[in-house]
Structures are given as C-alpha cells and as structure tokens.
1. Can you name the residue in the stretch 78-115 that is free of Cβ contacts under 8 Å to residues at least 40 places away in the same chain, out of contact with any Asp or Glu (no Cβ under 8 Å at 6 or more places or on another chain) and of a type in the set (Val, Ile, Thr) and is also farthest from Val141 (Cα to Cα) among such residues?
2. Determine, yes or no, whether Leu61 is within 30 Å of Arg15 (Cβ to Cβ) and at pLDDT below 95.
3. Quick one: is Leu84 in a strand (DSSP E or B) and modelled with pLDDT of 95 or more?
4. Testing Asp149 on (1) assigned to a strand (DSSP E or B); (2) of a type outside the set (S, T, N, Q); (3) at pLDDT below 95, one condition comes back false. Which one is that?
5. Identify, from the list Phe124, Phe107, Phe115, the residue that is within 19 Å of the chain's Cα centre (by Cα), of a type outside the set (A, V, I, L, M) and assigned by TED's automatic domain parsing to the domain that holds Asn86.
6. What number goes with the only condition from (1) modelled with pLDDT of 95 or more; (2) at negative phi; (3) loosely packed, with under 12 Cβ neighbours inside 10 Å that Gly36 does not pass?
7. Which of (1) farther than 16 Å from Ile112 by Cα; (2) not assigned by TED's automatic domain parsing to the domain that holds Ser127 does Thr85 not meet, given it meets every other one?
8. Within the stretch 121-130, is there a residue that is in contact with a helix residue (DSSP H, G or I) (Cβ under 6 Å, 6 or more places away or on another chain) and either in a strand (DSSP E or B) or at pLDDT below 95 (or both)?
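The values are calculated or read from the model by the stated rules, or taken from the named source; none is laboratory data. No experiment lies behind these values; they were computed from the predicted model shown. As a convention, Cβ positions derive from the backbone with ideal geometry for all residues, glycine included, and neighbour counts pool all protein chains shown.
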Amino acid sequence: MNNTSSHSLDDLDIRILSILSEDARMSYREIAKKLGIASGTVYNRIKKMTNNGIIKGYIPLLDHKKLGYDLTVLILIQVEGEHLTNVEEMLATPNEVLAVYDITGEFDVAVIARFKNTKSMNAFIKSILKIPYIRRIVTNVVLNIVKEDQRLKI
C-alpha cells in the first residue's frame, strides 16, 4: 500500500472526501450530482484513494452512551523505553480500547478506552498493572465530553 501525501490530492479529491466525511453512505451518483461530475469519475477517485490508503474504511458513528458505555477514560502510562512497542501492542488489543497513542512528555503512552461501568474499568486497569515494564499509570475519568468527532474536516 502506498503512503500518499495530501499533496497528491487535488481539489476534487478533497471535495469528495469532505462529502464522504459527512455521509459515507452517499452513493457515487449522489456525490457526482452534488459536484456536477460523472459518477465514473467519483468511483475512480474513491477507488484510487482507497488503494493509496487515504480512505481506510467506512464505519458508522455510534452513540456510546446509548450502547451502555457510560465511562470514557484517558490512561497515561510510563513504560521502560526498550519495551514500549511491545507494551503498546498489548494495550491495543482489548475491545474497550479506542486509541493508543505514542506520546511525548512525562508519559510514553496515552490510552483512550470506554467502559460500561466502574467494575469493568477497574478490571481493565488491574490487567494493565500486570503488564511487565510499566512503571506508572495515571487514570483520568472523563466527566463531560465537550467535543468528540473522528471525522477530519478538510
């Protein structure tokens, strides 16, 4: 898979991506009509961006609270340096984990996870503490989500 930089995208690609970011279920024909171009052009552009790894997939935006996931947690972790990659891979596997970031500063890793209740959060945190090479963790429970949107506005 190629790593295509944003410099290889033209204005039409950006406009197509912008429409898909708002509604990934929109048909090629609807996108083409909105942009005043042929649906074959939309198909070819989307196929090229998918092949180049710019479009990685299509997922629905879920309401985590309505699904019973009331707790969002940010966990900051210090790891012994030479084991960082292995620890990050272990942290990335549980279903509750939404993101694992390799970060700068006092901590090495930031994990964002969602839980249905404090019991499941507690079990997860205790499982993290069993991972070798973790020096320190700080757990932050999110009290209020002010903004959360995975869509990139381009």
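1. Here the answer is Thr85.
2. In short, yes.
3. The answer is no for Leu84.
4. (1)
5. Phe115
6. Going through (1) modelled with pLDDT of 95 or more; (2) at negative phi; (3) loosely packed, with under 12 Cβ neighbours inside 10 Å one by one, Gly36 breaks only (2).
7. Condition (2) is where Thr85 drops out.
8. no
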